[in-house]
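The values are calculated or read from the model by the stated rules, or taken from the named source; none is laboratory data. The structure presented is a predicted model; accordingly, all values stated were derived computationally and were not measured. Neighbour counts are summed over all protein chains in view; Cβ atoms, including those assigned to glycine, are modelled from backbone coordinates with ideal geometry.
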């Protein structure tokens, strides 16, 4: 039986934490949040106490910004493992496969769940918000804060917690501002050099951002640089040169990398056959898909199916 790929909303993510019998979850202001209609765009939760050692892989339709206050664990994001511990912070973007492993009993975390729409009400210059939400722009997704920065992050999270509890007419605007401030701090800790404001205003950088967003939305249907260039109203040659200049990888590789990432998820975490995966990703034949996959992974998709122990189906 094929397993349906589950993408969690913010409300479903909250329920996931609440249903962990071994966890104590502080979800502040829930009832009032529901009456105000913000539960689909923002939530602030604190996770404390013993956790399940490993969690099943899943995707979200929202961002998760997490600060580890105590304990440690392993974040698996798009088939890559990243250790986190006290003082670690990470941002998980929407539609990315992730899970948690090796969680310690004393784990304590602040988790901020939010949609991009939640921040759209803030007047930022064109391209700034997209830049702040780019996980790849900060390199590895997990960052380990120095002690002084850790204190700043804890204080800011507590301020967001306070505003979330208060729930008056000023709370949401203040929360939005504090969240943007945290995203800037994330860029700061992940950057190897100062981010120049001029980059935010660059038309070329915005075009590359738009290209990445289109690939994320259309990768299953559109496979050529020419198709994306048409949507962006530029020539394929110009788009290819621009993406290469801005990111260091070719425009075609961006498309293929996104397809490969989805293939990894479907092979590892669903009961789809290789033929079904090939069909879902719109390959002409399973053999064509297998050749594509091997170019990235270095091994055939059949080896994944032989070695992967599938988790229980998502209800």
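Residues checked against (1) within 22 Å of residue 134 (Cβ to Cβ); (2) at pLDDT below 95; (3) outside any helix (DSSP H, G or I); (4) not assigned by TED's automatic domain parsing to the domain that holds residue 59:
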{"position": "244", "(1), (2), (3), (4)": "yes, yes, no, yes"}
{"position": "266", "(1), (2), (3), (4)": "no, yes, no, yes"}
{"position": "303", "(1), (2), (3), (4)": "no, yes, no, yes"}
{"position": "312", "(1), (2), (3), (4)": "no, yes, yes, yes"}
{"position": "315", "(1), (2), (3), (4)": "no, yes, yes, yes"}
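Output the number of residues of the range 80-125 satisfying the condition of being out of contact with any strand residue (DSSP E or B) (no Cβ under 8 Å at 6 or more places or on another chain) and either within 22 Å of residue 263 (Cβ to Cβ) or buried (at least 20 other Cβ atoms within 10 Å of the Cβ) (or both).
Residues meeting the conditions: 2.
Can you list residue pairs whose Cβ atoms sit under 8 Å apart, with the first residue in the range 289-301 being surrounded by 15 or more Cβ atoms within 10 Å (Cβ to Cβ) and the second being outside any helix (DSSP H, G or I)? Count only pairs 6 or more apart in sequence or on different chains.
Close Cβ pairs satisfying both conditions: 289/281; 289/283; 290/300; 292/283; 293/300.
Residue 293: in a helix (DSSP H, G or I), within 20 Å of residue 218 (Cα to Cα) and in contact with a helix residue (DSSP H, G or I) (Cβ under 7 Å, 6 or more places away or on another chain), yes or no?
yes
Within the range 24-35, is even one residue loosely packed, with under 15 Cβ neighbours inside 10 Å, assigned to a loop (DSSP other than H, G, I, E, B), out of contact with any strand residue (DSSP E or B) (no Cβ under 6 Å at 6 or more places or on another chain) and at pLDDT below 85?
Checked the range 24-35: no residue is loosely packed, with under 15 Cβ neighbours inside 10 Å, assigned to a loop (DSSP other than H, G, I, E, B), out of contact with any strand residue (DSSP E or B) (no Cβ under 6 Å at 6 or more places or on another chain) and at pLDDT below 85.
Quickly run through the range 215-245 and pick out the residues that are under 22 Å from the mean Cα position of the chain (by Cα), more than 22 Å from residue 289 (Cβ to Cβ) and surrounded by fewer than 17 Cβ atoms within 10 Å (Cβ to Cβ).
Hits for the range 215-245: nothing passes.
Regarding the range 209-223, can at least one residue be identified that is under 26 Å from residue 129 (Cα atoms), out of contact with any helix residue (DSSP H, G or I) (no Cβ under 9 Å at 6 or more places or on another chain), in a helix (DSSP H, G or I) and without any contact (Cβ under 8 Å) to a residue 60 or more places away in the chain?
So far as the range 209-223 goes, yes, one or more of its residues are under 26 Å from residue 129 (Cα atoms), out of contact with any helix residue (DSSP H, G or I) (no Cβ under 9 Å at 6 or more places or on another chain), in a helix (DSSP H, G or I) and without any contact (Cβ under 8 Å) to a residue 60 or more places away in the chain.
If you check residue 256 against the conditions, is it closer than 30 Å to residue 12 by Cα, touching a helix residue (DSSP H, G or I) at 6+ places or on another chain (Cβ under 8 Å), surrounded by 13 or more Cβ atoms within 10 Å (Cβ to Cβ) and in contact (Cβ under 8 Å) with a residue 40 or more places away in the chain?
no
Condition first: touching a residue at least 40 places away in the same chain (Cβ under 8 Å) and under 13 Å from the mean Cα position of the chain (by Cα). Now tell me which residues in the range 60-78 satisfy that.
60, 61, 62, 63, 64, 65, 66, 75, 77, 78
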